[in-house]
Structure formats: structure tokens, C-alpha cells
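Colleague: Here it is: the structure, laid out below.
The values are calculated or read from the model by the stated rules, or taken from the named source; none is laboratory data. Quick caveat, the model's predicted, so the values are computed rather than measured. Cβ placement follows ideal geometry from the backbone for every residue including glycine, while neighbour counts extend to all protein chains displayed. To get the accessible areas, we keep the full protein, side chains included, count just its heavy atoms, and leave off ligands, DNA and RNA. Shrake-Rupley method; radii C 1.70, N 1.55, O 1.52, S 1.80 Å.
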Amino acid sequence: QVQLVESGGGLVQAGESTRLSCLAHGSAFNINSFCWHRPAPGKQRELVADFSGGGNTNYADSVKGRFTLSRDNARHTIHLQRNNLKAEDTAVYYCKLIQWRPDLRTSADYWGQGIQVTVSS
């Protein structure tokens, strides 16, 4: 089992920068994806940024050039550095980890509780 704990949310001003972090507790191995999501119009949640298989980093078009995803493997943590924040970045951000479970012969999805970020214009 994996538990995800998010931190770094709160109220910021437009144009400012903040960093969200997600710490994976438990048996965080065989990771296929470690990422951030947020709600989006017409979708339940959209992918904001992720580390996927093969070591690639992917970003939503709306955050490219402003957000940077980094990873601390030793601490089982990912960080989302967010620069030049806009009012439309206001959302609850959810951390997600997809793990290959060889005992179950399938992947398992784990979600954090979500963390509120409000950008004031």
C-alpha cells in the first residue's frame, strides 16, 4: 500500500511562485507514473504534469513554460514548482501514483487527499 501526502498549498498572489510537494509513504516501488492532476472544465481531473515510464516528463499545455516537475527518488517525493501563477491555476491539486503490482498482475492507482491552491488576482 502507498499513501500520498501533499504539501505546499495556500493563498498566493498572481505572478508569484510556489512549490507543491507529494511524499509517497509505504511500498513505493515499480512506479509507472507519479503525477499531479487538477479539475478542469468538462473533465473530472486533468493531468498537470507527470513522470511517466521511460523517464519522460509531460505537462498540460496550460502550464508549459511555467511549471516544472522534479523528483527526489531517495525521499520518494515529487515537487511541482509553479511560477508566474494565474488566477486560472486556482484549484485543488491531487497527487497520483500508478504502481505496477506484480502480485496482482495489474497496476494500482493511489491518490492523495488533494491540496487547495488559490491564486488571487
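Colleague: For the chain, what size does the Cα cloud have along each of its three principal axes, sorted from largest down, in whole Å?
Modeller: Principal extents (Cα only, largest first): 49, 30, 25 Å.
Colleague: Whole-Hz Karplus ³J(HN,Hα) for the range 11-26, in order, using 6.51 cos²θ - 1.76 cosθ + 1.60 and θ = phi - 60°, x for Gly and Pro?
Modeller: Residue by residue, the range 11-26 yields 9, 9, 8, 4, x, 7, 10, 8, 10, 9, 10, 9, 9, 9, 9, x Hz.
Colleague: Could you compute how much accessible surface Phe29 exposes when probed at 1.4 Å, giving the result in Å² to the nearest 10?
Modeller: 100 Å²
Colleague: Also, I was wondering about something else. Under a Cβ-only charge scheme (Lys and Arg +1, Asp and Glu -1), can you give me the dipole magnitude of the range 1-50 about the Cα centre, in debye to the nearest 20?
Modeller: 100 debye
Colleague: Sticking with this one: What whole number of Å gives the distance from the Cα centroid of the range 98-115 to the Cα centroid of the range 70-96?
Modeller: 19 Å
Colleague: Measuring with a 1.4 Å probe in the full set of protein chains, what accessible area per residue, in whole Å², belongs to the range 21-121?
Modeller: Value for the range 21-121: 53 Å² per residue.
Colleague: Can you send over the carbon and sulfur percentage of the accessible area for the range 42-121, probe radius 1.4 Å, protein chains only? Present the calculation step by step, with values, prior to reporting the outcome.
Modeller: Working: 1950 of 4480 Å².
Ligands and nucleic acids excluded, carbon and sulfur reach 44 percent.
Colleague: Evaluate the charge dipole of the chain about its Cα centre and quote only its size in Debye, nearest 20, assuming +1 on the Cβ of each Lys and Arg and -1 on the Cβ of each Asp and Glu.
Modeller: 100 debye
Colleague: Further, regarding this structure: Take the range 1-43, drop everything but the C-alpha atoms, weight them equally and run the Debye formula without solvent; then report log10 I(q)/I(0) at 0.28, 0.33 Å⁻¹ to two decimals.
Modeller: For the range 1-43, the Cα-only Debye profile gives -1.08, -1.20.
Colleague: Next question, about the same structure. Excluding same-chain residues fewer than 8 positions from Lys96, which lysines have a Cα within less than 18 Å of its Cα?
Modeller: List returned: Lys43.
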